[in-house]
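Written out below as structure tokens is the structure these notes cover.
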Amino acid sequence: MKTSSLLQLYRGEERNSSLTNNLLLAYLELLGLTEDDALQKSLLQELIRSYVQLEKQVDGLLKNTLPARVAEEIKYRGHYVPRSFVCTILFTDFVGFTRLAEKVPQEKLINILDEIFTGFDRLVETFQGTKIKTIGDAYMVVFGAPEEVEDNACQAIRASLKMIKFINEFNRNSPLAFEMRSGIHTGRVMAGVVGHERMQFDVFGDSVNIASRFESSGVPGRVNISEETCRLAQSHFAFEKRGLISLKNKKAMEAYLVVGKRE
């Protein structure tokens with residue numbers, strides 16, 4: 001029997017039988033508790049579903065912003081513990097980009113960079129790299145952090161060669177011609193997460209500065225690498241010595257250009 005019907009019965013019997021009314025009141029209270037319990041369970045289930053959905057969205061956003069392993073550690077520990085890695089750092093940029101940017105509408109230029117860097121992202125993932133950031137037309141990747149990668153020097157070179165090939169193919173179908181420089185160095189870095197509002201996984205140390213310098217002094221369309229990277233990858237690739245690269249506040253270092261895969 002519905003609650004409304006019972007209430008009508010209670011009102012109709014109000015003058016006749018107090019015992020009947022007492023029984024009806026007791027039953028109504030019990031029924032109210034039962035209905036409240038069902039409502040609470042329904043609300044709780046809906047709350048749990050909403051929470052799970054929200055957690056999935058936050059988890060997806062976190063892992064899209066940070067490397068998966070870093071995101072998991074932050075999720076369960078509340079922070080990422082800075083640690084040291086020996087990895088290979090790759091920098092790329094485009095020759096004459098500033099002059100190019102002055103000739104192309106900004107919206108179009110951003111769309112072009114988005115297309116190029118999206119292609120780079122896919123290639124980097126293929127070779128187990130971790131994209132660190134883009135600064136204008138510069139693109140930075142590490143191989144071997146926050147997860148160790150076997151033969152990370154070779155993986156960085158393979159990725160760089162594929163990126164150059166990607167740009168060459170892009171130029172065939174574009175009215176704009178891009179020339180890419182790339183620089184690679186292998187060394188020890190300190191990795192950590194910086195920022196609170198917009199957290200970012202990043203690497204720090206002299207090795208990063210060296211890789212950046214090898215990129216800025218690179219040859220368009222070629223992969224410019226340090227002696228340490230050359231030493232680690234010499235069984236897989238052939239190189240030609242380029243000469244010394246000057247470094248700020250450091251001794252000049254030998255530079256090598258990748259010729260191709262070693263047979």
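Being at pLDDT below 95, under 14 Å from the mean Cα position of the chain (by Cα), assigned by TED's automatic domain parsing to the domain that holds VAL223 and of a type in the set (A, V, I, L, M, F, W, C) narrows it down to one residue among MET199, MET140; which is it?
Values: MET140 fails: at pLDDT below 95.
Result: MET199 is the single residue among MET199, MET140 that is at pLDDT below 95, under 14 Å from the mean Cα position of the chain (by Cα), assigned by TED's automatic domain parsing to the domain that holds VAL223 and of a type in the set (A, V, I, L, M, F, W, C).
Considering only residues that are modelled with pLDDT of 90 or more and in a loop (DSSP other than H, G, I, E, B), which ones fall in segment 61-100?
Matches in segment 61-100: TYR80, VAL81, PRO82, VAL95.
Is segment 168-176 home to any residue that is out of contact with any helix residue (DSSP H, G or I) (no Cβ under 6 Å at 6 or more places or on another chain) and under 17 Å from LEU90 (Cβ atoms)?
Within segment 168-176, the first condition is being out of contact with any helix residue (DSSP H, G or I) (no Cβ under 6 Å at 6 or more places or on another chain), and the residues that meet it are 168-176.
Narrowing further to those that are under 17 Å from LEU90 (Cβ atoms): none.
Scanning segment 168-176, I find no residue that is out of contact with any helix residue (DSSP H, G or I) (no Cβ under 6 Å at 6 or more places or on another chain) and under 17 Å from LEU90 (Cβ atoms), so the answer is no.
Can you find even one residue in segment 235-243 that is closer than 25 Å to ASP114 by Cα, in the same structural domain as ARG99 (by TED's automatic domain parsing) and not in a strand (DSSP E or B)? Give the derivation first.
To start, the set of residues in segment 235-243 that are closer than 25 Å to ASP114 by Cα comprises none.
No; the residues of segment 235-243 include none that is closer than 25 Å to ASP114 by Cα, in the same structural domain as ARG99 (by TED's automatic domain parsing) and not in a strand (DSSP E or B).
So which residues in segment 142-200 are without any contact (Cβ under 8 Å) to a residue 40 or more places away in the chain, buried (at least 19 other Cβ atoms within 10 Å of the Cβ) and in contact with a strand residue (DSSP E or B) (Cβ under 7 Å, 6 or more places away or on another chain)?
Passing the criteria: none in range.
Could we say that ALA255 is under 21 Å from PHE85 (Cα atoms), among the small types (Gly, Ala, Ser) and crowded, with 17+ Cβ neighbours inside 10 Å here? Outline the logic, then answer.
Details: under 21 Å from PHE85 (Cα atoms): no; among the small types (Gly, Ala, Ser): yes; crowded, with 17+ Cβ neighbours inside 10 Å: yes.
Against the criterion (under 21 Å from PHE85 (Cα atoms), among the small types (Gly, Ala, Ser) and crowded, with 17+ Cβ neighbours inside 10 Å), ALA255 does not qualify.
I'm trying to understand the selection: among the residues of segment 159-187, which are touching a Ser or Thr at 6+ places or on another chain (Cβ under 6 Å) and in a strand (DSSP E or B)? Before the answer, list the steps.
The first filter runs over segment 159-187 and keeps only residues touching a Ser or Thr at 6+ places or on another chain (Cβ under 6 Å), leaving 160, 180, 182, 184-187.
Selection gives MET180, SER182, ILE184, HIS185, THR186, GLY187.
Consider segment 230-254. How many of its residues are closer than 17 Å to GLY187 by Cα, touching a strand residue (DSSP E or B) at 6+ places or on another chain (Cβ under 8 Å) and not small (Gly, Ala, Ser)?
Selection size over segment 230-254: 6.
Give me the pairs, please: first residue somewhere in segment 212-241 and touching a residue at least 60 places away in the same chain (Cβ under 8 Å) and closer than 15 Å to GLY260 by Cβ, second residue anywhere and assigned to a helix (DSSP H, G or I) and of a type in the set (Val, Ile, Thr), beta-carbon distance under 9 Å, and either six or more positions apart or on two chains.
Filtered contacts from segment 212-241: VAL223/ILE157; VAL223/ILE164; ILE225/ILE157; ALA233/ILE157; HIS236/ILE157; PHE237/ILE157.
The values are calculated or read from the model by the stated rules, or taken from the named source; none is laboratory data. Nothing here was measured: the structure is a model prediction, and the numbers come from that model. Note: ideal-geometry Cβ built from the backbone for every residue, glycine included; neighbour counts use all protein chains shown.
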